[in-house]
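Let me begin by presenting the structure, written as structure tokens, before commenting on it.
The values are calculated or read from the model by the stated rules, or taken from the named source; none is laboratory data. Only a predicted model underlies this, so the values are computations on that prediction, with no experimental measurement involved. Cβ: placed from backbone, ideal geometry, glycine included. Neighbour counts: every protein chain shown.
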Amino acid sequence: MSEYDAMWEKLGIDLEAHAGLLEVLPPMYQEHILSQENRPEGMGYFDFVFSEVHGLRVKELVEHREAGGVVVGTFCTYVPEELIVAVGGICVGLCAGAQVAPEEAEKLLPRNLCALIKSSLGFKLAKVCPYIESCDLLVGETTCDGKKKYFEVLGELQPVHVMEVPQMKLEHDRELWRQEIRRLLARLEEEAGRKVTLEGLREAVRLINDKRKALLRLEELRKSDPPVISGRDALLVAQIAFYDDPARLTEKVNALCDELERRRDGGIAIGGAHRPRILLSGCPMALPNWKVATIIETSGAVVAMDEMCTGIRYFDNLVDEEAPDMDALLDAIADRYLNIHCAIFTPNRERVDHLKELVRDYDIDAVVYYALQFCDPYTVEAFGVQRELEELGVPFLYLETDYSAEDVGQLSTRVQALIEMTGSREKA
């Protein structure tokens, strides 16, 4: 029996199925995260948060709702956290990083749909995700056809608000998106029973900007060679940032960065010597998805940058805090979020240019492009990205996979070949 059983049961969690899930997570965490040597002490906080992944944070959500606050669940980096915070709400990312109840999900969704969408519905149908059950409202977005239709299914099970994300970035697209921001704000105000003030929204912007600044500071430290933090630990920090309290997370990330700066200045590295530096690009990696990052780093390289929604896309660029009035501040929020470089856009010159910039800035030796099976935006865009990077002489490896462990051996072989080729290039 767990001290949280009564809370989970009240949320409608299937305690037996949930216990099975919680038994699987610790050995996964040991294999992928805790097995690393010479980890920074500051990662202890993030280890603790994960150990309480369905415990203390969920308790905070429940207590927040009992006190009259709202909890809003999100699936994507396009949903503005600032608006949720401004209505006195808590924003949490939702479970979608493991294969859960696929047979149940496939009763409502086609089999040839991406693992992330089926995972999300699997968590819901199996009643093993206390986050989704703690939410007053779920906010979806039209970033792909699969998600659009999935939110129709999910809307029959729980209140869902869907934002229309434009597929281009012309002026009329920008105007559509600005109206979508205002429509979401109106829905959130209705849900929370309170109106947002200019100062309240500005304070929410400052809070989330501070979180982004801390995470960007961590990214800067990943430029160190030899590395002072592993790609797996950096990914874990970003994953936890989706659901931890933003002020607390900011404090802990900055404390971690202080330690990493001391380690860098003292010549303390996680690997001791230079290793091939990999940029990991593509689909998001929600908790507890560490498969590809682990394969790369146990094959003799380091993930030095994540060009993913669970990486730089999540916290790159700040909202203008000095916008003079409510309309200007809402437009600033809209502009910041529309500047996220997702594969959904066409044309998508900005994402390719940003990838090239990251390759230069982080002294990248090779790019591993991670795509979930049946994710059309990322699988199709991979061809153009590969062509442009190879024209620059950057080795490129495309990996299409899902959440299972069945292809780990095959993926490892391909990654090792890339790293060996990269090492040979360096010697030459």
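I'd like to know if the stretch 189-204 contains one or more residues that are buried (at least 18 other Cβ atoms within 10 Å of the Cβ), touching a strand residue (DSSP E or B) at 6+ places or on another chain (Cβ under 6 Å) and not in a helix (DSSP H, G or I). No - not one qualifying residue is present in the stretch 189-204.
Comparison of A328, A332 shows that the only residue that is buried (at least 16 other Cβ atoms within 10 Å of the Cβ), small (G, A, S) and either in a helix (DSSP H, G or I) or modelled with pLDDT under 95 (or both) is A332.
Report every pair of residues separated by at least 6 positions or lying on different chains whose Cβ atoms are under 6 Å apart, first residue within the stretch 250-275 and within 19 Å of A238 (Cα to Cα), second surrounded by fewer than 21 Cβ atoms within 10 Å (Cβ to Cβ) and among the hydroxyl-bearing types (S, T, Y). Short answer, once both residue conditions are applied: K252/Y45. Tallying residues that are without any contact (Cβ under 8 Å) to a residue 60 or more places away in the chain, of a type outside the set (D, E, K, R) and assigned to a helix (DSSP H, G or I) within the stretch 384-403 yields 3. Test F345 against the stated conditions and say whether it is of a type in the set (F, W, Y), over 30 Å from V228 (Cβ atoms) and without any contact (Cβ under 8 Å) to a residue 40 or more places away in the chain. Spelling it out, it is not the case that F345 is of a type in the set (F, W, Y), over 30 Å from V228 (Cβ atoms) and without any contact (Cβ under 8 Å) to a residue 40 or more places away in the chain. Please tell me if Y78 is of a type in the set (S, T, Y), buried (at least 24 other Cβ atoms within 10 Å of the Cβ) and not in a strand (DSSP E or B). Judged against the criteria, Y78 is not a match. Going by the conditions given, is E322 at pLDDT below 95 and touching a helix residue (DSSP H, G or I) at 6+ places or on another chain (Cβ under 9 Å)? Spelling it out, E322 is indeed at pLDDT below 95 and touching a helix residue (DSSP H, G or I) at 6+ places or on another chain (Cβ under 9 Å).
Taking (1) without any contact (Cβ under 8 Å) to a residue 40 or more places away in the chain; (2) in a loop (DSSP other than H, G, I, E, B); (3) farther than 14 Å from T143 by Cβ in turn, F374 satisfies each apart from (1).
Taking the conditions (1) buried (at least 20 other Cβ atoms within 10 Å of the Cβ); (2) touching a Gly at 6+ places or on another chain (Cβ under 9 Å); (3) among the hydrophobic types (A, V, I, L, M, F, W, C) in turn, V352 satisfies each one other than (1). Of the candidates L256, L260, L235, L207, the single residue that is of a type outside the set (K, R) and out of contact with any Pro (no Cβ under 9 Å at 6 or more places or on another chain) is L235. So which residues in the stretch 80-137 are in contact with a strand residue (DSSP E or B) (Cβ under 8 Å, 6 or more places away or on another chain) and within 22 Å of L25 (Cβ to Cβ), if there are any at all? Listed by number, the residues that qualify are V92, G93, L94, A115, L116, Y131, I132, S134, C135. Under the condition of being part of a helix (DSSP H, G or I) and surrounded by fewer than 16 Cβ atoms within 10 Å (Cβ to Cβ), the residues counted in the stretch 48-58 number 3.
Within the stretch 107-144, if we keep just the residues that are in contact with a Phe, Trp or Tyr (Cβ under 8 Å, 6 or more places away or on another chain), β-branched (V, I, T) and under 20 Å from V165 (Cα atoms), the residue that is surrounded by the fewest Cβ atoms within 10 Å (Cβ to Cβ) turns out to be T143. Before we move on, is G97 modelled with pLDDT of 95 or more, outside any helix (DSSP H, G or I), within 19 Å of the chain's Cα centre (by Cα) and within 25 Å of L22 (Cβ to Cβ)? Here the answer is no, as G97 does not meet what is asked. When E406, E381 are checked against the criterion of being of a type in the set (D, E, K, R), farther than 30 Å from M168 by Cβ and without any contact (Cβ under 8 Å) to a residue 40 or more places away in the chain, a single residue qualifies: E406. Inside the stretch 1-43, can you point out the residues that are over 27 Å from R65 (Cα atoms), part of a loop (DSSP other than H, G, I, E, B) and at pLDDT 95 or above? Matches in the stretch 1-43: S35, Q36, R39, P40, E41, G42.
Scanning the stretch 59-73 finds no residues that are surrounded by 14 or more Cβ atoms within 10 Å (Cβ to Cβ) and at pLDDT below 95.
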